[in-house]
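Only one structure is covered here, and it is reproduced in the block below.
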Amino acid sequence: MNPSITTIEDLRRIARRRVPRMFYDYCDSGSWTESTYRANESDFGRIQFRQRVAVDMTDRSLATTMVGQPVAMPLALAPTGMTGMQHADGEILAARAAEAAGVPFTLSTMSICSIEDVAGAVSKPFWFQLYFMRDRSFNDKLIDRAAAAGCSALVLTLDLQILGQRHKDIRNGLSAPPRLTPSTTIDLLTKPRWCWGMMRTKRRTFRNIVGHVEGVQDTRSITAWTSQQFDPRLDWDDVARIRDRWKGPLILKGILDVEDAVRAVGTGAEALIVSNHGGRQLDGAPSSIAVLPEIADAVGSRIEVLMDGGVRSGQDVLKAVALGAKGVFIGRPFLYGLGAGGEAGVTRCLDIIRKELDMTMALCGHRNILDIDRTILRRSDNAA
Ligand code: FNR
């Protein structure tokens, strides 16, 4: 990739040019007014570091663990639906880049490539994210398929019992593959790289689902099926049942409130993710970084606390770790990388963040990520 691409914003701008409008907008949007989506990013900007000088900065280490598994830096790729629409075979390419960088990749239930497609393309275990569906036998089968594929953690998403409304998706008539209208056709003609990639892959629809549910064989039937499958009745008893079935580490995603964090501890899950789904569900909810300290203080000694939402740099990763996260997930940043340059774009995204994280830690006067706590932040920013 061009060496002048040095920020996540650079990757975003290129992705915007290369990915069809419908799929770029799907990635780069939040629900309703997008106020929570914006706050996720802007609230990081309010936190300041303490600059320390004249400390030895040699031999630095970013290595740590997430749910007991070694990671090269405190970061994982978040589960994102339709990743294979940002770039052909997107899930496979992102999983490969994550594996090479030594960080976990999380495959979404709503991915284009299937669990088995990804397992066949990487050599180390990845993580699987489950949406809880009305069809309990489908949930059980997905959990069993993830276990059979060697997935080393299950991420259970709790904040999507009903689907938040994103105006752009409605306006664009979002569908995978895209429905050909005069405007989508014109758009596709201006995105030759994307079209060429799609022509060369057979993976163009939701392969975790199509062929695994009776009667769901194509794009039209899957849209009808999924629209009535997210289960609005999901409750803590269901979480307990998933806990019983999945024998590996369980991570509960979408916790934004201390009372829910306490309930999460009671399930016996290994970790929770402080998350508002990247501002795609409850618009008007606080940013993840704003509530992270209070949740970490309340339950951090009893469950591993992870976070996502608005992480756009290594500085943001360091701020989240300082405020109590054992690690963070990134969603849009790696999708921008994928849209901009496939596997190399995801690798560049991870390189950018790693470098920023390493240098920022050093300039705060630390050499080991395991030593990071709130004392690296200015006093006004480190109170819970
Ligand atoms: C998501 N997210 C998500 N979460 C989940 O549990 N399952 C999913 O299938 C998806 N799909 C999805 C698609 C797209 C395009 C985005 C941007 C996000 C939410 C995701 O896991 C994560 O919580 C956010 O992306 C984190 O915020 P940032 O890093 O995108 O700001």
Angle in degrees between helix 288-299 and the longest Cα principal axis of the chain, rounded to the nearest 10: 70 degrees
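Within the stretch 210-270, list the trypsin sites (Lys or Arg not before Pro) lying in a DSSP loop whose Cβ has at most 13 other Cβ atoms in a 10 Å radius.
Details: sites: R220, R233, R241, R243, R245, K247, K253, R263; in loops: R233, K247.
Within the stretch 210-270, the qualifying trypsin sites (Lys or Arg not before Pro) (loop, at most 13 other Cβ atoms within 10 Å) are R233, K247.
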Dipole of the stretch 29-112, positive end: most advanced residue of M73, M57, M85 [Cβ charges, Cα centre]: M57
Global geometry of the stretch 71-160, whether rounded, prolate or oblate, following the gyration tensor of its Cα atoms and the 1.5 cut on a/c: prolate
Aspartates and glutamates whose Cα lies under 20 Å from that of K202, excluding same-chain neighbours fewer than 8 positions away: D89, E91, E116, D117, D218, E343
Whole-number percent relative contact order across the stretch 8-381, with pairs defined as alpha carbons under 8 Å at least 6 apart: 29 percent
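Quick check on the chain: helices-only [θ] at 222 nm, where DSSP H runs of length 4 and up contribute -39,500 (n - 2.57) each and the sum goes over total residues. Nearest 500, please. Can you show the working numbers first?
Details: 15 runs with 163 residues, N = 384.
Computed mean residue ellipticity for the chain: -13000 deg cm²/dmol.
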Rounded to 5, the percent of DSSP beta bridges in the chain classed as antiparallel: 15 percent
Whole-Å distance, taken between Cα centres, linking the stretch 140-204 and the stretch 1-73: 22 Å
Gaussian network model of the chain, Cα within-10 Å springs - most flexible of N40, N368, N276: N368
Amide H contacts of K253 (H built 1.01 Å from N, under 5 Å, at least 5 apart or other chain): L156, T157, L158, I273
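In debye, nearest 20, what is the charge dipole magnitude of the stretch 8-381 about its Cα centre with +1 on Lys and Arg Cβ and -1 on Asp and Glu Cβ, if you could check?
Numbers: 49 positive and 44 negative charges, 223 e Å.
With Lys and Arg at +1 and Asp and Glu at -1, about 1080 debye.
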Karplus-derived 3J(HN,Hα), 6.51/-1.76/1.60, for each residue of the stretch 87-97, Hz, glycine and proline x: 7, 3, 6, x, 5, 5, 5, 5, 5, 5, 5
Anchor K355: lysines whose Cα lies under 25 Å away (excluding residues fewer than 8 positions away in-chain): K124, K319, K326
For a label point 7 Å along the Cα-to-beta-carbon line of Q69, residues of the stretch 128-165 with backbone N under 18 Å: 128-131, 142-157
Table column - 3J(HN,Hα) (Hz), the stretch 334-343, Karplus curve with 6.51, -1.76, 1.60, x for Gly and Pro: 6, 5, 4, x, 5, x, 6, x, x, 4
Rh (Kirkwood; distinct C-alpha pairs) - the chain, Å: 21.0 Å
For A153, residues with placed amide H under 5 Å, excluding near neighbours: F128
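Bear in mind these aren't lab numbers, they're just calculated from the coordinates by the rules spelled out. Fair warning: this is a prediction, and the values are worked out from it, not measured in the lab. Here the Cβ is made from the backbone with ideal geometry for all residues, glycine too, and neighbour counts use every protein chain on show.
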